[in-house]
1. Could you please find all residues in the stretch 73-92 being more than 14 Å from P121 (Cα to Cα) and open to solvent by 80 Å² or more (accessible area, probe 1.4 Å)?
2. List the number of the failed condition for R65; all other conditions in (1) loosely packed, with under 10 Cβ neighbours inside 10 Å; (2) part of a loop (DSSP other than H, G, I, E, B) hold.
3. Among (1) surrounded by 10 or more Cβ atoms within 10 Å (Cβ to Cβ); (2) over 23 Å from R17 (Cβ atoms); (3) of a type in the set (D, E, K, R), where does E105 come up short?
4. Within the stretch 38-51, can one find any residue that is assigned to a helix (DSSP H, G or I), surrounded by fewer than 17 Cβ atoms within 10 Å (Cβ to Cβ) and modelled with pLDDT under 95?
5. So, of the residues in the stretch 1-37 that are of a type in the set (S, T, N, Q) and either at pLDDT 95 or above or open to solvent by less than 60 Å² (accessible area, probe 1.4 Å) (or both), which turns out to be nearest to G95 (Cα to Cα)?
6. Quick one: M1 ticks every box in (1) in contact with a strand residue (DSSP E or B) (Cβ under 7 Å, 6 or more places away or on another chain); (2) hydrophobic (A, V, I, L, M, F, W, C); (3) over 18 Å from P121 (Cα atoms) bar one, so which box is it?
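The values are calculated or read from the model by the stated rules, or taken from the named source; none is laboratory data. Bear in mind the structure is a predicted one, so any value in this text is a computation, not a measurement. When we count neighbours, we look across all protein chains shown, and the Cβ atoms used for this are built from the backbone with ideal geometry, even at glycine. Surface accessibility is based on the protein's heavy atoms, side chains included, excluding ligands, DNA and RNA. Shrake-Rupley method; radii C 1.70, N 1.55, O 1.52, S 1.80 Å.
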Amino acid sequence: MFDHIHHVAIVCSDYARSKHFYVDLLGFEIVRETYRKDRSSFKLDLKLGETCAIELFSFPNPPKRLTHPEACGLRHIAFAVENLQSTIHQLTSKGVAVEAIRKDELTGKRFTFFRDPDDLPIEVYER
């Protein structure tokens with residue numbers, strides 16, 4: 001029925017700060033940036049691999065994300081990487097705080113988390 005994830009949509013509280021984070025720090029390529037005057041909202045389309053995208057939205061005064069304790073709904077997003085240690089080094093060299101490496105008890109794979117400017121947990125999972 002479903003082929004793959006097409007996109008992940010993220011609503012941010014500070015568009016400029018989040019754009020800097022996802023483009024300048026994480027290195028996502030901008031596909032298009034649109035200002036929607038009727039909504040006082042930006043929509044930034046970012047390329048993620050060959051088949052997926054991240055849509056970064058800004059809206060006036062969005063409600064805060066419920067994170068702690070775990071709230072019902074989307075828990076986090078996860079990106080697959082070839083080399084976890086190299087990715088951690090790239091992130092920390094740009095000032096991104098990264099949690100300690102963990103090991104998935106079911107697969108034996110290594111992973112870690114960091115957070116975006118609005119406290120969205122982002123997982124990095126080694127292939």
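1. E82, Q85, H89, Q90 - these are the residues of the stretch 73-92 that are more than 14 Å from P121 (Cα to Cα) and open to solvent by 80 Å² or more (accessible area, probe 1.4 Å).
2. Evaluating R65 over (1) loosely packed, with under 10 Cβ neighbours inside 10 Å; (2) part of a loop (DSSP other than H, G, I, E, B) leaves (1) as the failure.
3. With (1) surrounded by 10 or more Cβ atoms within 10 Å (Cβ to Cβ); (2) over 23 Å from R17 (Cβ atoms); (3) of a type in the set (D, E, K, R) applied to E105, the lone miss is (1).
4. As a first pass, look at the stretch 38-51 and keep what is assigned to a helix (DSSP H, G or I): 38-39.
Filter once more, keeping what is surrounded by fewer than 17 Cβ atoms within 10 Å (Cβ to Cβ): 38-39.
Still in the running and modelled with pLDDT under 95: 38-39.
Yes, the conditions are met somewhere in the stretch 38-51.
5. So the first thing to find is which residues in the stretch 1-37 are of a type in the set (S, T, N, Q), and the list is 13, 18, 34.
If we keep only those that are either at pLDDT 95 or above or open to solvent by less than 60 Å² (accessible area, probe 1.4 Å) (or both) as well, we get 18, 34.
On the way: S18: 14, T34: 28 Å.
The qualifying residue nearest to G95 (Cα to Cα) is S18.
6. Only one criterion is unmet by M1, namely (1).
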